[in-house]
Amino acid sequence: MNQDVYPDKSDISQLIKQLIAQIVGLDEMHIDVNLPLSSFGLDSAAIMGVLLELEEKLGIRIDPDLMYADLTIDELASQLACIAQDKS
């Protein structure tokens, strides 16, 4: 496991917040983890960028359908934490 791994839900949620904030140009404090990803107005290229960054940081493979499943940031983070835990 390298230093870029975010193994638990709260760390993954924070990482997703950071990525979305960078893309939409908002401060992280304005990104609500209880809102679905779709509420941030990300186009498919931005969503795929988030997916690729998450895969790199977490060292896991993510099904792209998961990014379009209308999950909140926290729900997505929970799913990714489970995937990461199963991998290790």
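Values quoted throughout were computed directly from the atomic coordinates according to the rules given, and no laboratory measurement underlies them. Worth saying up front: this structure is predicted, and the values here are computed from it rather than measured. No Cβ is skipped: glycine too gets one built from the backbone with ideal geometry, and neighbour counts run over all protein chains shown.
Results, tabulated for the structure shown:
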quantity	calculated
Stokes-Einstein D (µm²/s) once Rh is taken as the Kirkwood radius of the chain over alpha-carbon pairs, at 20 °C in 1.002 mPa s	167 µm²/s
Most mobile listed residue (Leu42, Leu51, Leu76) in the chain, GNM with C-alpha springs under 10 Å	Leu42
Exposure proxy order (Cβ contacts within 10 Å, fewest to most) of Asp74, Asp8	Asp8, Asp74
Principal-axis tilt of helix 9-24 within the chain, Cα atoms, nearest 10 degrees	40 degrees
Footprinting exposure proxy for Met67, Met29 (fewest neighbouring C-beta atoms within 10 Å first)	Met29, Met67
Residue order, fewest to most surrounding Cβ atoms within 10 angstrom, among Lys87, Lys17	Lys87, Lys17
